[in-house]
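In what follows, a structure is listed as structure tokens, so that the remarks can point back to it.
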Amino acid sequence: MSQPLAQRAPDAGEVDHIATSPVVVEVFNAILDDINQGRLLPGQRISDLEIADAFAVSRTPVREAIQRLREIGLIEASANRFTRVAIVSPRQTAEGLTVWVALFTEVLTETIPHADASLVADLERAHDVFLSAVAARDMKRIATSNFEFVQLFTARSHNLVLRRSIRGVVHLVQLGSLHLPTAIDFELLAESHRLMIEAARTKAVDLGLSALDRIRAIQVSSLGDGS
């Protein structure tokens, strides 16, 4: 991990579904942030002892946080062998994306009618970062910036059950996206961003749903049946 986990403040919004101790929440969010930002990569091993030392806590809350991450598919473990960031195949990414699109349809339907200038500005900034990553063909930055773009909508949903449902799958897709084929149609993905921004600006839900049609096309043409 690129910086001591204990130095990063928890984001309670990520784990509002966990009825557990604040330490578990903090560890969960710190590891999740490292995965989402590409500081922990697929296949990279993690040590509960090292994390416990970083937080100056026992291994018990660390193991609980890791178990929570296993439940949403981001960590995999083999008894007495390894605990590591999950390796997500293209097929798993495609399947997760299908679920994400279905859930995100509801997110857009709820949030676009209430979009404001602040959201539009945030979307435009996130889109600019995404375009910069695409220009550099930096897969890590493409995955993380795309994740941050769509999260701007999800964070505005007032449907707690929907947020809980989408959280695990979006993290799975984001993790799998770190190694999507470089031949993916990034212009189509960029077009989906532009449509969502315009949808937020005009409060036009139909434009937002059109953006998801572009993402469905990416799923079929670029991920295919690879395993």
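Take the conditions buried (at least 16 other Cβ atoms within 10 Å of the Cβ), under 17 Å from the mean Cα position of the chain (by Cα), at pLDDT 95 or above and closer than 24 Å to VAL169 by Cβ and apply them to LEU40. Does it pass?
So LEU40 fails the test.
When the range 123-161 is examined, which residues are found to be over 25 Å from THR109 (Cα atoms) and among the small types (Gly, Ala, Ser)?
The answer is SER132, ALA133, ALA135, ALA136.
Which of (1) farther than 22 Å from ASP206 by Cα; (2) part of a helix (DSSP H, G or I); (3) not charged (D, E, K, R) is the odd one out, the single condition THR98 does not satisfy?
All conditions pass for THR98, except number (1).
Could you tell me whether the range 83-92 includes any residue that is free of Cβ contacts under 8 Å to residues at least 60 places away in the same chain, surrounded by 17 or more Cβ atoms within 10 Å (Cβ to Cβ) and within 26 Å of VAL27 (Cα to Cα)?
yes
Scanning for something assigned by TED's automatic domain parsing to the domain that holds VAL170, in a helix (DSSP H, G or I) and aromatic (Phe, Trp, Tyr), does the range 47-65 turn up at least one residue?
Within the range 47-65, not a single residue is assigned by TED's automatic domain parsing to the domain that holds VAL170, in a helix (DSSP H, G or I) and aromatic (Phe, Trp, Tyr).
Tally the residues that are touching a residue at least 12 places away in the same chain (Cβ under 8 Å), assigned to a loop (DSSP other than H, G, I, E, B) and under 24 Å from ALA204 (Cα atoms), restricting the search to the range 105-158.
The qualifying residues number 5.
Criterion first (of a type outside the set (Phe, Trp, Tyr) and either touching an Asp or Glu at 6+ places or on another chain (Cβ under 8 Å) or modelled with pLDDT of 90 or more (or both)) does ASP122 satisfy it?
The answer is yes for ASP122.
Filter the range 162-197 for residues that are under 14 Å from the mean Cα position of the chain (by Cα) and of a type in the set (S, T, N, Q); which is modelled with the highest pLDDT?
SER165
In the list LEU74, LEU103, which residue meets the criterion of being among the aliphatic types (A, V, I, L, M), in contact with a strand residue (DSSP E or B) (Cβ under 8 Å, 6 or more places away or on another chain) and within 21 Å of THR144 (Cβ to Cβ)?
LEU74
Which of the residues belonging to the range 22-37 are closer than 23 Å to PHE149 by Cα and surrounded by fewer than 19 Cβ atoms within 10 Å (Cβ to Cβ)?
Within the range 22-37, ASP33, GLN37 meet the criteria.
For residues that are surrounded by 13 or more Cβ atoms within 10 Å (Cβ to Cβ), of a type outside the set (Lys, Arg) and touching a helix residue (DSSP H, G or I) at 6+ places or on another chain (Cβ under 7 Å), tally how many sit in the range 49-75.
Total satisfying the criteria: 15.
Which numbered condition in (1) part of a helix (DSSP H, G or I); (2) among the charged types (D, E, K, R); (3) within 16 Å of the chain's Cα centre (by Cα); (4) assigned by TED's automatic domain parsing to the domain that holds ASP213 is the only one that ARG68 fails?
The failed condition is (4).
Only one residue in ILE46, ILE72, ILE51, ILE66 is closer than 11 Å to LEU175 by Cβ and not small (Gly, Ala, Ser), so which one is that?
Selected residue: ILE72, the only one of ILE46, ILE72, ILE51, ILE66 that is closer than 11 Å to LEU175 by Cβ and not small (Gly, Ala, Ser).
The values are calculated or read from the model by the stated rules, or taken from the named source; none is laboratory data. Since this is a predicted model, take the numbers as computed values, not measurements. Every residue, glycine as well, gets a Cβ built from its backbone with ideal geometry; the counts of neighbours run over all protein chains shown.
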